[in-house]
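Participant: Have a look at this one.
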Amino acid sequence: MEVNFKKLERVLSTAEVIYLSTSKNDMVSSRPVSPLNIGLRLYVRTSAASRKAKEMLSNPNIAVCVGNFYFTGKAKALGSVFDDRNTEIKSAYILRYPDSFSEGDEFIKSDEVFFELLIENASEWIYEDGVPIGLAERRS
């Protein structure tokens, strides 16, 4: 069995929430985040002062669950959401989440940053008629 990356891309395109796990000093934490994907390139935004940002900067190893997919990889800091180099990502984020970066956006902070979540290893539970029949895995 092989991981269906086209299906993963579709799942990411419609997921309102993914579950991001990060770690610092062997203490793991998980939380729901709103994803943006451009193909299989995955982005999240957060305050630079948030726990998840601090953990990803300290230890870039991440894990994500979405639908029947699970993947591990690395977080890469991209800088401020207001940087010109992040204009394309910010524009795509606004298309996906129209209220983002507006006055009504209760989450926006002046220190808001983007992270790219790079997929390295992926797993997918395979179902047949609602019954799990196997696990597909791809390791980098």
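Quick note: the coordinates plus some simple rules give every number you see, no bench work behind them. Everything quoted here is computed from the prediction, not taken from an experiment. When we count neighbours, we look across all protein chains shown, and the Cβ atoms used for this are built from the backbone with ideal geometry, even at glycine.
Participant: How many nm separate the modelled label positions at W125 and D84, each set 7 Å beyond the Cα in the direction of the Cβ?
Facilitator: 4.8 nm
Participant: OK, next. Just from the alpha-carbon atoms, what are the Rg and Dmax of region 5-138 in angstroms?
Facilitator: Answer for region 5-138, Rg first and Dmax second: 15.3, 48 Å.
Participant: Just list whichever of K7/K54; K54/K74; K6/K52; K52/K90 have alpha carbons separated by over 22 Å in the model shown.
Facilitator: K7/K54; K6/K52
Participant: Springs between alpha-carbon pairs under 10 angstrom, Gaussian network model over the chain: which of L12, L117, L95 fluctuates most?
Facilitator: Maximum fluctuation in the GNM of the chain, among the listed residues, is at L95.
Participant: Which of the listed residues, G67, M27, S102, is farthest toward the dipole's positive end in region 5-138, when Lys, Arg count +1 and Asp, Glu count -1 at the beta-carbon?
Facilitator: Working it through, the farthest residue towards the positive pole turns out to be M27.
Participant: Counting other Cβ atoms within 10 Å, which GluC sites (Glu not before Pro) in region 7-110 have at most 15 and lie in a DSSP loop?
Facilitator: E16, E103, E106
Participant: Which net charge results for the neighbourhood of E137, defined as the other residues with beta-carbon distances under 15 angstrom from its beta-carbon, given Lys and Arg at +1 and Asp and Glu at -1?
Facilitator: Charge balance near E137 sits at 0.
Participant: By how many degrees, between 0 and 90 and to the nearest 10, does the Cα long axis of helix 87-96 differ from the longest principal axis of the chain?
Facilitator: Between the helix axis and the principal axis of the chain, the angle is about 60 degrees.
Participant: Roughly how big is region 1-41's charge dipole about its Cα centre, with Cβ charges of +1 (Lys, Arg) and -1 (Asp, Glu), in debye to the nearest 20?
Facilitator: It works out to roughly 100 debye.
Participant: For N59 and S13, calculate 0.36 nm times their separation in residues minus their Cα-Cα distance, and state this gained length in nm to one decimal.
Facilitator: 13.9 nm
Participant: Residue by residue, what Karplus-based ³J(HN,Hα) values in Hz, rounded to whole numbers, does region 111-120 have, using 6.51, -1.76 and 1.60 with θ = phi - 60° and x for Gly and Pro?
Facilitator: Those phi angles translate into 9, 5, 10, 9, 10, 9, 9, 8, 7, 10 Hz.
Participant: Now, a different point. Give me the dipole magnitude in Debye, nearest 20, for the chain about the Cα centre, with unit charges on the beta carbon: positive for Lys and Arg, negative for Asp and Glu.
Facilitator: 340 debye
Participant: Another one. Starting from a Cα-only point model with no solvent, please compute log10 I(q)/I(0) by Debye for region 60-140 at q = 0.14 1/Å.
Facilitator: -0.66
Participant: From Cα pairs below 8 angstrom and at least 6 apart in sequence, can you work out the relative contact order of region 5-138, rounded to a whole percent?
Facilitator: It rounds to 24 percent for region 5-138.
Participant: How large is the charge dipole for region 8-69, taken about the Cα centre, if only the Cβ atoms of Lys, Arg (+1) and Asp, Glu (-1) carry charge, to the nearest 20 debye?
Facilitator: Values: 8 positive and 4 negative charges, 35 e Å.
Rounded to the nearest 20 debye, it is 180 debye.
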